[in-house]
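Read the figures in this text as sums done on the coordinates, not as results from a lab. Just so it is clear, the structure is predicted and the values come from calculations on it, not from any experiment. All Cβ positions, even for glycine, are placed from backbone atoms using ideal geometry, and neighbour counts span all protein chains on display.
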Amino acid sequence: MLPVTADLVLRNVALPTGRRADVVIAGGIVRHIGAPVRADETLDCSRYTCLPGAVDMHVHMRGGAQAEKEDWRTGTMSAVAGGVTVVVDQPNTVPPLTTPALLRARIYEAEEQAVCGFAVNASVVPGADLAGMRDAGAMAFGETFAAPSSYGEGLDPETLRGLFSCIHALGGLATIHAEEVRGPAPATLADHDRTRSGAGEARAVRGVSDLAPEGLRLHFCHLSTAASIGAARGTVEVTPHHLFLSYEMFEDDDTRARVNPPLRDEETRRGLWSRWDAIDVVASDHAPHTLREKALPFEIAPSGIPGVETMVPLLMAAVREGRITLASVIEKTSWRPAAILGIPRAGFEPGDRADYAFYPDEITRIDASCLHAKCGWSPFEGFAAVFPEEVIVRGTRAYAQGDFRETHPAWYPGQGYLSSKN
Ligand code: NCD
């Protein structure tokens, strides 16, 4: 039945089918597509391309002891200003999320500060209370460090096997950071690429795929080469930095481009685009570090780059340039990650989550001084991008023409949370 009044009506929305219609929203969900009803607020969308809000399933919101780098407020403001309406936080916090109490404290911190939807993953290390965190609402398990990275030690194959069988028994999703690390600390970006080679990443992905129990749901984080995508048994994620950046674009000792897995050479970067159709998810691996930390000598500078705000804008510029389809961007940034995680879909059918971002036609250039992340820099400075002008979170206008209007820190618990309550 049609609601008599709605919270918000989005007028003249271009639907993926090409049809234009009004989207009637009440209580944070789509009630009806078609004839308008009376509403508290209406928004004319005729000059925009409408995307379902992105679900960025790989972010490091920092906060707590690392609030100098980022916190839930600035990190989620950055997300919303980039068309991301749900973020999934990784558990390599300080301390790592290994108990239900730590997980609950993290969720509480997010509820206090976040301006968009969020979920929190559980840390996968020996001794972690995986079942307790599943019941406390962890979204997924990991990123599981099959190689060392910032604030996470690599796990050996036997340890991984044991932890995977626990996750399997819990019916969970295991998310994996798979790499192979060889040789001394790198002094340049090219060294970094050799130390954590693309071939080694593909071997690590194959090794993890082989040792995981049959039936365990695996998700491979931030794969950086076409060969790694081919080696994966499970869903695959790539980042905007591996799609848009190569180490050849930077001075060899530029620590801001230091990230795990490393940026590759131009040929490998193009090879990654050649597998675009095989990529399930694009996620940012938003991993901010301060410029002070990045000013350390290359050998000891932290790995990780910010990117939650620039992810969809970079992809939208590629759409405008005719390099990829809008449908593929919707699929990889919103619908696939939501389906993998079991988060209700944002979209254009009655009952869908009413999260959207509205993009103008014009392409602009990325200017880090206009971004909202606390670290204040971006490796994508000057890149072509299309930023959203309006963002709707749970049926209300969260962001309009550069201003934040309302905050919507909805927590999305993992599926184990609900089953443990039945
Ligand atoms: C991440 C971080 O800084 O937390 N760094 C990175 O280089 N990707 C950790 C990670 O995702 O491996």
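Annotations for the structure displayed:
- With Cα atoms, 0 to 90° folded angle of helix 198-211 axis to the chain main axis: 80 degrees
- Considering only the chain, percent of DSSP beta bridges that pair antiparallel, nearest 5: 50 percent
- Based on the Stokes-Einstein relation at 20 °C and a viscosity of 1.002 mPa s, and on the Kirkwood radius from alpha carbon pairs, the chain is assigned a translational diffusion coefficient of 100 µm²/s.
- Sum of side-chain charges, ASP129 neighbourhood, beta-carbon under 13 Å (Lys, Arg +1; Asp, Glu -1): +1
- Fewest-first ranking of ILE366, ILE25, ILE300, using other Cβ atoms within 10 Å as the exposure measure: ILE300, ILE366, ILE25
- Estimated FRET transfer efficiency when R0 is 25 angstrom, pair ALA101-LYS421 (beta carbons, to 0.05): 0.85
- Net charge in the neighbourhood of ALA227 (other residues with Cβ under 15 Å of its Cβ; Lys, Arg +1, Asp, Glu -1) is +2.
- In Hz, Karplus ³J(HN,Hα) per residue of region 334-349 (6.51, -1.76, 1.60; θ = phi - 60°; x = Gly, Pro): 10, 6, 5, x, 4, 5, 4, 8, x, 8, x, 6, 8, x, 10, 10
- Local electrostatic count, GLU299, Cβ distance below 11 Å [Lys/Arg +1, Asp/Glu -1]: -1
- When ASP193, ASP89 are sorted by how many other C-beta atoms sit within 10 angstrom of their C-beta, beginning with the fewest, the order is ASP193, ASP89.
- Computed FRET value (nearest 0.05) for THR17 with SER209, which takes r as the C-beta separation and R₀ as 30 Å: 0.20
- The chain: angle of helix 100-113 to the longest principal axis, Cα-based, in degrees nearest 10: 50 degrees
- Degrees separating the helix 72-81 axis from the principal Cα axis of the chain, which is the longest one: 60 degrees
- The phi-based Karplus calculation (6.51 cos²θ - 1.76 cosθ + 1.60; θ = phi - 60°) puts the 3J(HN,Hα) values of region 119-124 at 9, 10, 8, 9, 6, 10 Hz, whole numbers, x for Gly and Pro.
- Remark: THR175, THR225 ranked as THR225, THR175, counting other beta-carbon atoms within 10 Å and listing the fewest first.
- Simple spin-label estimate for TRP273 and GLU362 in nanometres, 7 Å along Cα-Cβ: 2.6 nm
- Cross-link reach list, aspartates and glutamates versus LYS69, counting only Cα pairs under 17 Å and skipping chain neighbours closer than eight places: ASP89, GLU109, ASP285, GLU293, GLU309
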